[in-house]
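Student: Following this message is one structure expressed as structure tokens.
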Amino acid sequence: MTMLDDPALDGIFLRPLADGREIAPLTALLHRAYARLATMGLRFMATHQAPEVTAERVAQGECLLAYDGNRLVGSILYRPAARTGGSPWLDRAEVASLAQLAVEPGLQSRGLGARLMRWAEARAAEDNTEEIALDTAEPATHLVAWYASRGYRAVETAQWSHTNYRSVIMSRRVR
């Protein structure tokens with residue numbers, strides 16, 4: 001068993017985004033996965049982004065998808081340090097990032113998100129970066145707590161022009 005295998009997730013396999021035909025289903029998954037945050041009044045990009053924005057974002061790194069049979073049920077975007085930026089912490093040469101972590105609502109809290117994050121963290125280590133960072137809404141305390149339970153620490157805050165909340169940037173060492 002590898003670090004990406006988990007018996008509780010039997011039948012779910014991971015693979016890289018293959019081509020542009022997956023952009024529309026990925027966008028729909030992002031909307032479903034982030035819907036709870038939208039009902040909280042938080043305007044994450046993933047709550048409403050168009051397929052063109054999804055395509056632009058996945059072009060910034062490597063997108064891993066999770067499938068249950070033919071059904072897309074999860075995703076994560078890994079951005080190497082050279083493509084990570086936008087704040088003093090994220091501009092550092094030794095910091096990679098992850099984004100667009102999404103899990104089908106009916107599968108949330110079953111380990112798939114952690115499995116996807118392990119992959120992104122492993123990619124950062126393979127790239128010889130020291131840290132991997134992410135950002136989330138400061139008011140989404142359940143997410144901040146979950147990332148903290150995975151070893152992420154708050155390093156700074158940011159106010160992005162496309163959000164209606166202050167973001168907390170969290171990071172953890174990968175090597």
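The values are calculated or read from the model by the stated rules, or taken from the named source; none is laboratory data. From a predicted model like this one, the values you see are computed outputs, not experimental measurements. Ideal geometry is used to build each Cβ from the backbone, glycine not excepted, and the neighbour counts take in all protein chains shown. Please note that ligands, DNA and RNA were not included when accessible areas were found on the heavy atoms of the full protein model with its side chains. Shrake-Rupley method; radii C 1.70, N 1.55, O 1.52, S 1.80 Å.
Student: Using the eigenvalues of the Cα gyration tensor, what equivalent ellipsoid semi-axes result for region 9-113 when each is taken as the square root of five times the eigenvalue, whole Å, largest first?
Tutor: Working: eigenvalues 99, 56, 39 Å².
Its equivalent ellipsoid spans semi-axes of 22, 17, 14 Å.
Student: What's the local net charge at Ile132, with K and R +1, D and E -1, over the other residues with C-beta under 14 Å away? Walk me through the numbers before you get to the answer.
Tutor: Numbers: positive: Arg79, Arg83, Arg92, Arg118, Arg123, Arg150, Arg153, Arg172, Arg173, Arg175; negative: Glu62, Glu94, Glu121, Glu126, Asp127, Glu130, Glu131, Asp135.
Result for the local shell: +2.
Student: Just want to confirm a number: the relative contact order over region 114-175, from Cα pairs under 8 angstrom separated by 6+ residues, in percent. The partial results should precede the final answer.
Tutor: Details: 86 pairs, mean separation 25.4, N = 62.
Dividing the mean separation by the residue count of region 114-175 yields 41 percent.
Student: Hey, another quick one. When averaged across all projection directions, what area in nm² does the alpha-carbon convex hull of the chain cover?
Tutor: Numbers: hull surface 37.7 nm².
Dividing the Cα hull surface by four gives the mean projection, 9.4 nm².
Student: Where only protein heavy atoms count, and the probe is 1.4 Å, what is the accessible area per residue for the chain in Å²? Display every interim value, and only then the final one.
Tutor: Working: 8310 Å² over 175 residues.
Per-residue value: 47 Å².
Student: What is the distance in Å between the Cα centres of region 39-86 and region 118-175?
Tutor: 15 Å
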